[in-house]
Amino acid sequence: VWTWRFPHGLYYADALLRAGDRERGNTLLDGAGRLFARLAAEGLVTGELDYQRALVASLRGEHDAAAAALEEARVRGWRNEWQARRDPALAGFRARRGEHG
């Protein structure tokens with residue numbers, strides 16, 4: 001799964017979690033974590049992957065980790081803040097920070 005397709009799997013995990021299927025949703029998030037670790041070990045580190053790590057952290061309720069990953073994404077050149085303001089996978093993160101959208 002490459003970066004342009006990868007978020008679809010995360011949105012599917014989000015849908016599963018919202019529907020109460022925590023086992024399948026968390027299984028997908030676990031797979032994402034393994035993929036991120038493998039890509040980092042291979043030297044692939046990008047702002048887009050950091051953003052996707054933020055999605056996983058947000059879906060897990062790990063809001064400090066989501067904030068850190070978003071900051072890493074920004075430092076690495078990711079400039080799609082509009083996306084983060086609307087991304088459904090970051091809804092819990094935004095709510096915790098008192099943001100709407």
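The values are calculated or read from the model by the stated rules, or taken from the named source; none is laboratory data. Since we're looking at a predicted model, the values are computed, not measured. Here the Cβ is made from the backbone with ideal geometry for all residues, glycine too, and neighbour counts use every protein chain on show. The protein model used for the area step is the full one, side chains on, heavy atoms only, and it has no ligands, DNA or RNA in it. Shrake-Rupley method; radii C 1.70, N 1.55, O 1.52, S 1.80 Å.
Could you please give the count of residues in region 30-81 that are among the polar types (S, T, N, Q) and either open to solvent by less than 30 Å² (accessible area, probe 1.4 Å) or within 21 Å of Ala15 (Cα to Cα) (or both)? Full working, then the answer.
The first filter runs over region 30-81 and keeps only residues among the polar types (S, T, N, Q), leaving 46, 52, 58, 80.
Add one more test, that the residue is either open to solvent by less than 30 Å² (accessible area, probe 1.4 Å) or within 21 Å of Ala15 (Cα to Cα) (or both), and what stays is 52, 58.
Here the count works out to 2.
The set of residues in region 5-29 that are small (Gly, Ala, Ser) and surrounded by fewer than 19 Cβ atoms within 10 Å (Cβ to Cβ) comprises Gly9, Ala15, Ala19, Gly20.
If you go through region 1-46 and keep only what is of a type in the set (D, E, K, R) and either closer than 20 Å to Glu72 by Cβ or touching a residue at least 60 places away in the same chain (Cβ under 8 Å) (or both), you end up with Asp14, Arg34, Arg38, Glu42.
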